[in-house]
1. If you find the alpha carbon centre of region 121-193 and of region 245-277, how far apart are they in angstrom?
2. Top mean-square fluctuation among Phe33, Phe229, Phe273, Gaussian network model of the chain, C-alpha springs under 10 Å?
3. For the chain, with a Gaussian network of springs between Cα atoms less than 10 Å apart, report the residue from Ser98, Ser64, Ser228 with the top mean-square fluctuation.
4. Using helices alone, I'd like the mean residue ellipticity at 222 nm for the chain: each DSSP H run of four-plus residues gives -39500 (n - 2.57), total over residue count, nearest 500.
5. Normalised by the number of residues in the chain, what is the relative contact order in percent for Cα pairs under 8 Å and 6+ residues apart?
6. By average Cβ neighbour count within 10 Å, what is the ranking of 35-44, 130-139 from highest down?
7. Counting only heavy atoms of protein chains, what accessible area per residue, in Å², does the chain have with a probe of 1.4 Å?
8. Taking only Cα atoms and a 10 Å spring cutoff, compute GNM fluctuations for the chain and point out the largest among Arg20, Arg89, Arg249.
Amino acid sequence: MSAIITQLPSRKPRTLRFFRWLWRHPAVSTGGFIVSLIVLMGVFAPLIARHDPYAQDLIDTLLSPGADHWFGTDDYGRDIFARVIYGARISIIEVVLSVGLAMIIGIPLGIIAGMAGRYTDMIIMWFMDMLFAFPGIVLAILVVSILGGGLVNLLIAISLFAIPVYARLSRNLTLGLKQMEYVEAAQALGLSNYRIIVHYILRNAIGPIIVQSTLTAGTVILAAASLSFLGLGVQPPMPEWGTMMSDGRNFLGINIYLSLFPGLAIMLTVLGFNVLGDGLRDLLDTRS
């Protein structure tokens, strides 16, 4: 019995190896911690926030941070801390749906362009170049102006200028991977294009795509906040960070906290995604 016990693997070396891995990759650990913190804030917002983000108290308006209201109150007496916490939930939805929609549309288009080649490649990339001709935020403003404000139209607008990014990335990866020996061997064996794409192209392209998704997430946060700040995105009274900054700009001389804390939340979230993306890029780069 004692011999069996001594042969059981110890959990302590695994824990030590995990912390050593985090120490060797500070960008991944730091960015992952910040992003995880924002996600947990959004998921457990009802448990973290002490006040209702929509509850108004016209007596206690424009209060400075204190014991009862940690971030103060806005011009309607709503708790800024609760609204920032619930704003994390909206930002998570914006990132997941916008990036997800862009990947669902852009990646298959890029793979088709890379695998088909010639005229199909030229036509698809021509449309992608048309979208690239517009600056991302300008294209999003144009789309939202046509479709109208709101969260759904905001997600469509942001996804539209992110689609060419994934289309070009997946096309370039496909062009490189289909020249590899194992792909040529699969084609010689008569495997269908579907099986080649799923088992050889996507499996080897997933790393750069994940890195790009984390970098795109920061752009999505900034674009969504910018459109909401201009009144073209999420509409009041929803606690979206860009909308909160827009509401607070009229009271900068009285109470700066209305715009300060949502702005810090945007900065921290974008920083987390960018640092995580840089760390994953270095980690997944086989040449480093």
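The values are calculated or read from the model by the stated rules, or taken from the named source; none is laboratory data. All figures in this text were calculated on a predicted structure; none of them were measured in a lab. Heads up, the Cβs are rebuilt from the backbone with ideal geometry, glycines too, and the neighbour counts pull from every protein chain shown. The accessibility values were calculated without ligands, DNA or RNA, using every heavy atom of the protein model including side chains. Shrake-Rupley method; radii C 1.70, N 1.55, O 1.52, S 1.80 Å.
1. Region 121-193 and region 245-277 have Cα centres separated by 31 Å.
2. Phe33
3. Result for the chain, Cα springs under 10 Å: Ser64 fluctuates most.
4. On the way: 13 runs with 209 residues, N = 288.
When only DSSP H runs of four or more count, the value is -24000 deg cm²/dmol.
5. On the way: 401 pairs, mean separation 69.4, N = 288.
Contact order relative to length: 24 percent.
6. On the way: 35-44: 16.4, 130-139: 14.2.
Listed from highest to lowest mean packing, they are 35-44, 130-139.
7. Values: 15880 Å² over 288 residues.
Per residue, the chain has 55 Å² of solvent-accessible surface.
8. So, out of Arg20, Arg89, Arg249, the one fluctuating most is Arg20.
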